[in-house]
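Have a look at the structure below, then the notes.
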Amino acid sequence: MQEFHEIQDEGDLGAHRYHHTQPGTVLRVIWLIVAVWLLLFAALSTWVLYIVVAVVSLVFLLFHSLTVTIDAEHIRMSFGLGLLRKRIPLSRVVSCRPVRNRLWYGFGIRYIFDGWMWNVSGMDAVQLTYEDGHHFRIGTDEPEALNEAITAAIGNESTSPTDV
C-alpha cells in the first residue's frame, strides 16, 4: 500500500495528487471481540452464533478501511475491498475545511444534518461544500493533509484551460 501526499505538477494530469488509506480501528476491535467470543463459546455455539459471526465478518470486509484518492479530475473514495465507492468531480467542489464530527454521527455511510458523510474511524473529517450549497464529509485521520490536497486540487481545477 503506497501512501503519498505531495501535489504533482499540473503537467502530470494522470498522477494521483493524494492517496491515503485509513484503517477502521473501531470495526477491527469489534471484529476481534466477536472472534474471541466465538472461540470462548465454541462448545456452546449454535447456528445463531455462526450467523452473527458471518454478518460481522461481511461488514468487516466491506468497511475495514477508507481509501481517499485525488487525481486531476475527481476525489475518489472506497471502503474496504472497494465494492462501496464514490467519485466526486473536483469541478463540483467550491471549498473545503477540516471539521470534527460529533460522536452520534457514527461511522460508515450516513446522512447527517446537512449532507452525507463517509467515515470509518475517529472524529476528524474534511467537509466539502458543493456549488449548490450542499455538503459532504470525508472522515480521515489526517484532516490537514487532505484539506490541503483538496484545496490545491480545486485551485488547479479552476485555472484549467478546459474551463475557459
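The values are calculated or read from the model by the stated rules, or taken from the named source; none is laboratory data. Since the structure is predicted, the reported quantities are computational estimates derived from the model, not experimental observations. Cβ sites come from the backbone with ideal geometry, for glycine too, and all protein chains shown count toward neighbours.
Things worth noting here:
- Whichever residue in segment 120-137 is of a type in the set (S, T, N, Q) and outside any loop (DSSP other than H, G, I, E, B) and, among such residues, is farthest from the chain's Cα centre (by Cα): T129
- Elements of type strands (runs of 3 or more DSSP E) in segment 42-104, at least 1 residues being closer than 14 Å to W118 by Cα and without any contact (Cβ under 8 Å) to a residue 24 or more places away in the chain: 74-79, 84-89
- Given (1) under 14 Å from the mean Cα position of the chain (by Cα); (2) within 21 Å of I150 (Cβ to Cβ), number of the condition F63 does not satisfy: (2)
- Hey, S45 polar (S, T, N, Q) and at pLDDT below 85 or not: yes
- In this structure, M117 does satisfy being outside the structural domain of V36 (by TED's automatic domain parsing), under 28 Å from V34 (Cα atoms), in contact with a helix residue (DSSP H, G or I) (Cβ under 8 Å, 6 or more places away or on another chain) and assigned to a strand (DSSP E or B).
- Residues located in segment 146-157, provided they are surrounded by fewer than 17 Cβ atoms within 10 Å (Cβ to Cβ) and of a type outside the set (S, T, Y): A152, G155
- Residue satisfying all of: in segment 97-144; among the aliphatic types (A, V, I, L, M) and over 17 Å from T25 (Cα atoms); surrounded by the fewest Cβ atoms within 10 Å (Cβ to Cβ) among these: I112
- Only one of the numbered conditions (1) more than 25 Å from the chain's Cα centre (by Cα); (2) surrounded by 11 or more Cβ atoms within 10 Å (Cβ to Cβ); (3) modelled with pLDDT under 75; (4) not β-branched (V, I, T) is violated by L13, and that is (1).
- Per-region count, segment 74-110, residues modelled with pLDDT of 95 or more and more than 13 Å from the chain's Cα centre (by Cα): 13
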